[in-house]
Every structure is written in C-alpha cells, then in structure tokens.
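Down below is the structure, laid out as structure tokens.
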Amino acid sequence: MKDKIKIAKQRFDEVSDLIIQPDIITDQKRYVALNKEYKDLKAIVDKGEEYLSILNNIEEAKEIISDGSDAEMVEMAKMELEEAGEKKPELEEELRMILIPKDPEDAKNVIVEIRAGTGGDEASIFAGDLYRMYTKYAGNKGWRTEIEDLNEGTSGGFKEIIFSISGEDVYGTMKFESGVHRVQRVPQTETQGRVHTSAATVMVLPEAEEFDIDLKMSDVRIDLFCASGPGGQSVNTTYSAVRLTHIPTGLVAQCQDQKSQHKNKEKAFKVLRSRLYEQELEKKLAEDSAKRKTLVASGDRSAKIRTYNYPQGRVTEHRIGLTIYDLGNVMNGDLEKIIEALKLYENTEKLKASEETL
C-alpha cells in the first residue's frame, strides 16, 4: 500500500508540473486528459497522506508504550493506538477502492437512447416512464438533461427518445443502465385486467468531444427534410430536420427537435460522434478479456438486465440478483441503491482482477 501511495504521489507531482506548461495548455486533448488524471491522483494522494499519518501515529504510540517512563503519556498513547487501529482498516479499504484503475470514459457526459421494444403501445408508454425516471434521477444528482431527438408513441410515451445528460462523472454512473428493461403490469389499454410483459432497450453512450473522434466531413452525407410531430407550423413546413449518415460505417443520426436547422445539425453531429466513439470503445473492450467479464462490457445489448414488476411493487436487477420492493420511488428517480450496488460489484471484480495481476 505504501509503495502504491508513493508511486501515485510521484505521478501527481509530475502532472502538477505538466498542466501549467504552455504547450500542454494549448493541446486541448492532452490538457483535458491531464486535468482528469490530476483530479484522480489528488484523491489518492489526500487519502494516502491520511493513511500514512495513521501509520505514523501507531508507531509513535507503540514507542511511548514501550518506553513506559511516563504513566500519563502511556495512557494517552494507548487511547491513540486504539483509535488509530480502528481507523486503519477503514482507510485501507477506501484506498484499495480508490486505487482501482478508473475507466477514462467515466468522467464523460452521456447520450442516452431509449427505444420501445416488444409490447406495442405499452412498450412506448414504458419507454416514457424510463425517460422520466432518468430525468428525475439526473435532477437529484444536479445533472442537466437535454432532448436530442424523439419519436412519440401513438398512445403516449416514446417509440424512441434520445437525450443527453451532462454533469460530473455521468458515464461512470449511468453506464450500468445499458440493456433491456422489462415491465410487468396491467396496460392502460387492457380491459380484462391481465398483467402483460413489455420491454424497452436503453443504450448509454459516452459523449464524444470533437477531439475524441476524427470525423471527416467527406465521410458524412447530410440530408435535410421537414420535421414531423409537435412544434408548430414552421417546424412541419421548413427543411429544418437533419439526418446524418456516416458512409464508412453506415451509422445514422438525426435530429428534428429544434426549429433551427443549424441547431438540429449540431445535435445530430453530437449523437453521431458519440455512436462512433462507442463503436471504437466496444472494440477496445472486446480486446481486453478482463474487462469483457465485467458488467459494463458484456456487449450484449439484448440481455435482460432489470424487471419492474408493478403487481408486486418490486424491481429486480438480474445481473447481481438484487430485488428491491420500492418500485414507486425507483420510478420517481430513486436509483441510488441499485446503481451503488452495481458499482460495488463492478469495483469488487476489478479489485480481484488487479490483485491477480500483482
């Protein structure tokens, strides 16, 4: 543990010097990466100093007790030793978790895509419920959400909705939500009172900055068309909607949410960059067998990850076997228990992997 703290402190000092260099400041990509590393290393260094201080207190207390010449000092030293002994294992556990290598994508903002799956109109309504759940959760975290594009369902909700979430360490928190979400309840359209099962697919993409992806304009076909749906007469009669096609990969992104063609194009490019970035990220994860075993990097978007059962008022997280009987609060954005449990599982697996390599 001491060696790891020492190595982190050396690198922290190096990065502290680098981020004030003029040539680094002008290199936006490197400057952003170093600032992120500085923040992560500072957390290790601060916690490490606290841990080393505890170790020092333990040694000093032992020396005073061993000397035994001053009874009052010995009594104080025993109290200090007991207190430090209680704090030491807690700090060691915290340090072990902080020292787990972080994914560089974790600090990024995200693009979330929710699509109605099996279940017809009920699936669209459920997709709308998931959107509200995530926006309320984001609001609780102090994050900002913005709709990028949407396609409304015929009976409410959305056939598809794409939105961005920006804030601190958003991807590191939201990445666990990718997969198939299943709902079991009596649909609004059901007259016999029977419970139906419907589904929606959620994709969480790390939002790519312009310097993350080398996107050549010559590789992108831009199509303009009239927007459909709500927004007023001007939306439906002008060519404000934008569809982008990345010719080399066939990836498509479109936006018709804004009246301005320029704003729609800007949003569509944000989504396209993120989809391309995520594609590259998937390739990297597939090459890393250790990461491939983790929750986030399973790569199977068809995997059923969570069930929301309304008759029983429960939410079941299938990946870790967690069941919570608090459906109402979960649907109102209280996802903290589920996400923290997923984070803990993920970090435990990473910790095991890092210890195996030592």
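Figures for the structure shown
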| item | result |
| --- | --- |
| Efficiency of FRET from Cβ geometry, Arg194 and Arg132, R₀ 22 Å, rounded to 0.05 | 0.35 |
| Sites Ser166 and Tyr38, calculated FRET efficiency, Cβ-Cβ separation with R0 25 Å, nearest 0.05 | 0.75 |
| Sequence ranges 19-25, 193-199, ranked by mean other-Cβ count within 10 angstrom, highest first | 193-199, 19-25 |
| Computed label-point distance, nm, for sites Tyr31 and Lys6 using a 7 Å Cα→Cβ extension | 3.5 |
| Relative contact order (percent, whole number), the chain, Cα cutoff 8 Å, 6+ residue spacing | 14 |
| Pairs beyond 27 Å (Cα-Cα), from Lys88/Lys141; Lys29/Lys270; Lys9/Lys352; Lys102/Lys216; Lys102/Lys263; Lys108/Lys350 | Lys88/Lys141; Lys102/Lys216; Lys102/Lys263 |
| Extended-chain gain in nm, criterion 0.36 nm per residue less alpha-carbon gap, Asp17 and His318 | 103.8 nm |
| Lysines whose Cα lies under 21 Å from that of Lys304, excluding same-chain neighbours fewer than 8 positions away | Lys159, Lys175, Lys291, Lys293, Lys337, Lys343 |
| Span from the segment 135-178 Cα centroid across to the segment 1-54 one, whole angstrom | 32 |
| Restricting segment 305-358 to chymotrypsin sites (Phe, Trp or Tyr not before Pro) in coil, as DSSP defines it, with at most 16 other Cβ within 10 Å | Tyr325 |
| Average Cα contact separation per residue, segment 2-98, under 8 Å, 6 or more apart, as relative contact order % | 27 |
| Under-5 Å amide H pairs with Ser178, H placed in peptide plane, nonlocal only | Val204 |
| For mean projected area of the Cα convex hull in nm², calculated from these coordinates, the label among [x] 18.9; [y] 24.4; [z] 16.8 | [y] |
| Cα shape, segment 2-98, gyration tensor, a/c 1.5 rule | prolate |
| Order by protection proxy (mean Cβ within 10 Å, highest first), peptides 2-8, 96-102, 203-209 | 203-209, 96-102, 2-8 |
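Read the figures in this text as sums done on the coordinates, not as results from a lab. Everything numeric here is computed off the predicted structure, so don't read it as measured data. When we count neighbours, we look across all protein chains shown, and the Cβ atoms used for this are built from the backbone with ideal geometry, even at glycine.
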